[in-house]
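The values are calculated or read from the model by the stated rules, or taken from the named source; none is laboratory data. This one's a predicted model, so the numbers in the text were calculated from it and none came from an experiment. All Cβ positions, glycine included, derive from the backbone under ideal geometry; neighbour counts span all protein chains shown. Side chains included, ligands, DNA and RNA excluded: accessible areas come from the protein's heavy atoms. Shrake-Rupley method; radii C 1.70, N 1.55, O 1.52, S 1.80 Å.
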Amino acid sequence: MKERIGFIGLGTMGLPMAERLWKAGYDLVLYNRTPQKVESMMRRGALRVHSPREAAEASAITITMVSDDQALTDIVIGQNGLYMGLGREKIHIDMSTISPKLARKLERLYHNKEASFLHAPVLGSKPQATEGTLLIFVGGDRAAFERCRPLFDVLGERIWYFSDVTQATHLKLTCNQFIASMMTALAQGLVFAQKAGLSAETIIDVLGASALNAPMYRSKTRKILERSFSEANFFVTHMLKDLDLMLEAGRQLHAPLPGVAAIRELFVAAQAQGYDREDYSAVIKVLEHLAGTQVRREQPAS
Ligand SMILES: NC(=O)c1ccc[n+]([C@@H]2O[C@H](COP(=O)([O-])OP(=O)(O)OC[C@H]3O[C@@H](n4cnc5c(N)ncnc54)[C@H](OP(=O)(O)O)[C@@H]3O)[C@@H](O)[C@H]2O)c1
């Protein structure tokens, strides 16, 4: 059995990531706000604790994979928080998408305890988390990174390291700018084409044969045609959170993001329509509503 790892946040991403570590032979100490989500792993022998503090006390390295800045703040400095369980040479790796500001704040805070904070956000979704093929951006102390490298190798297929903790955070936000923009471009394109009598299948066929080819265009078009938005890998609400993080970081860096500002409004509308816990491709429903149409499968010629 390898060393004991604390894992906090067994949601869409956290559960398959914890399962990979378990299969790789790590002894896991688990905490999730909603305890039921830990049960499947407890049946396999993992240990459940009742607070983030206990998870950090019981392990040398604790990983968090939670929704947003508020969730991570609650976990670290809330009642019986992870910070209370930290000590000399302990490491906290946060793999959520959070603000550069919070990443910097935690790195500084942990100096008080001679502990280390690594921010290690990921690119990829539930399938990549399950297969261990995430792309991982790690920022923070190099010695802490080297100690944690075997864990990253279990979770991801490529790792980029930065000594400045916020560079990993900014890289993740840069990537999510592409995800949000590409999703919106696809949704607009499919709705426009539908109004012109062109099928989604034709659009995807042409994109796939061109320099615009990207696997997400095909996978998200399939989801749109199946109308399977409730089978979500990445929620509308998390995309909206990331758009807000980008705009805030853009303000700090004096980097205007006019496209992100416009896309954000579409995601606000998607949330207002009640699609928060649907896949982020559900943003197309906002555009369909505005255009008075719905993107459908091509009907076979009779
Ligand atoms: N899904 C993806 O494709 C994907 C890809 C890359 C990065 N990310 C990022 O990874 C992070 C996790 O995403 P996810 O899709 O796994 O989210 P999720 O399914 O919504 O899971 C969120 C987790 O955070 C916990 N949580 C939320 N608020 C909390 C609070 N105040 N206190 C304690 N725990 C709290 C939840 O606990 P409960 O179970 O009690 O609600 C749950 O374990 C997010 O930052 C997201 O942006 C997601």
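Residues that are touching a His at 6+ places or on another chain (Cβ under 8 Å) and crowded, with 17+ Cβ neighbours inside 10 Å, at least 3 per element: which helices (runs of 4 or more DSSP H) completely within the range 75-148 meet that?
Counting at least 3 such residues, we get 100-111.
Quick one: which helices (runs of 4 or more DSSP H) sit completely within the range 150-248 and have at least 2 residues that are among the aromatic types (Phe, Trp, Tyr) and out of contact with any Asp or Glu (no Cβ under 8 Å at 6 or more places or on another chain)?
165-195
Check residue 179 against each of (1) within 14 Å of the ligand (Cβ to nearest atom); (2) surrounded by 18 or more Cβ atoms within 10 Å (Cβ to Cβ) and name the one condition it does not meet.
So the condition that residue 179 fails would be (2).
Taking residue 242, is it touching a Lys or Arg at 6+ places or on another chain (Cβ under 7 Å) and of a type in the set (Asp, Glu)?
no
Which one of 210, 199, 230 is small (Gly, Ala, Ser), open to solvent by 30 Å² or more (accessible area, probe 1.4 Å), outside the structural domain of residue 123 (by TED's automatic domain parsing) and more than 30 Å from residue 70 (Cα to Cα)?
None of the other options fit; the residue is 210.
Restricted to the range 8-34, and to residues that are more than 21 Å from residue 233 (Cα to Cα) and out of contact with any Phe, Trp or Tyr (no Cβ under 8 Å at 6 or more places or on another chain), which residue is farthest from the ligand (Cβ to nearest atom)?
If we take residues in the range 8-34 being more than 21 Å from residue 233 (Cα to Cα) and out of contact with any Phe, Trp or Tyr (no Cβ under 8 Å at 6 or more places or on another chain), then 25 is farthest from the ligand (Cβ to nearest atom).
Given 236, 286, which one is under 25 Å from residue 202 (Cβ atoms) and either assigned by TED's automatic domain parsing to the domain that holds residue 201 or of a type in the set (D, E, K, R) (or both)?
286
Yes or no, residue by residue, for (1) under 26 Å from residue 205 (Cα atoms); (2) of a type in the set (S, T, N, Q); (3) outside the structural domain of residue 205 (by TED's automatic domain parsing):
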site: 253; (1), (2), (3): no, no, no
site: 261; (1), (2), (3): no, no, no
site: 277; (1), (2), (3): no, no, no
site: 280; (1), (2), (3): yes, no, no
site: 296; (1), (2), (3): yes, no, yes
site: 299; (1), (2), (3): yes, yes, yes
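Is one or more of the residues making up the range 47-62 within 11 Å of the ligand (Cβ to nearest atom) and not charged (D, E, K, R)? Write out each step before concluding.
In the first step, residues of the range 47-62 are kept if they are within 11 Å of the ligand (Cβ to nearest atom); the result is 51-52.
Next, from what is left, pick out any that are not charged (D, E, K, R): 51-52.
Yes, the range 47-62 has at least one match.
Answer yes or no as to whether residue 72 is in the same structural domain as residue 152 (by TED's automatic domain parsing), assigned to a helix (DSSP H, G or I), at pLDDT 95 or above and in contact with a helix residue (DSSP H, G or I) (Cβ under 9 Å, 6 or more places away or on another chain).
Working: in the same structural domain as residue 152 (by TED's automatic domain parsing): yes; assigned to a helix (DSSP H, G or I): yes; at pLDDT 95 or above: yes; in contact with a helix residue (DSSP H, G or I) (Cβ under 9 Å, 6 or more places away or on another chain): yes.
Criteria met by residue 72.
Please determine whether any residue of the range 289-296 is surrounded by 20 or more Cβ atoms within 10 Å (Cβ to Cβ), in contact (Cβ under 8 Å) with a residue 24 or more places away in the chain and either over 25 Å from residue 96 (Cβ atoms) or among the polar types (S, T, N, Q) (or both).
Checking the range 289-296: at least one residue is surrounded by 20 or more Cβ atoms within 10 Å (Cβ to Cβ), in contact (Cβ under 8 Å) with a residue 24 or more places away in the chain and either over 25 Å from residue 96 (Cβ atoms) or among the polar types (S, T, N, Q) (or both).
Residue by residue, here is whether (1) among the small types (Gly, Ala, Ser); (2) under 16 Å from residue 63 (Cβ atoms); (3) out of contact with any Phe, Trp or Tyr (no Cβ under 8 Å at 6 or more places or on another chain) holds:
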residue	(1), (2), (3)
114	no, no, yes
122	no, yes, no
133	no, no, yes
139	yes, yes, no
142	no, no, no
155	no, yes, yes
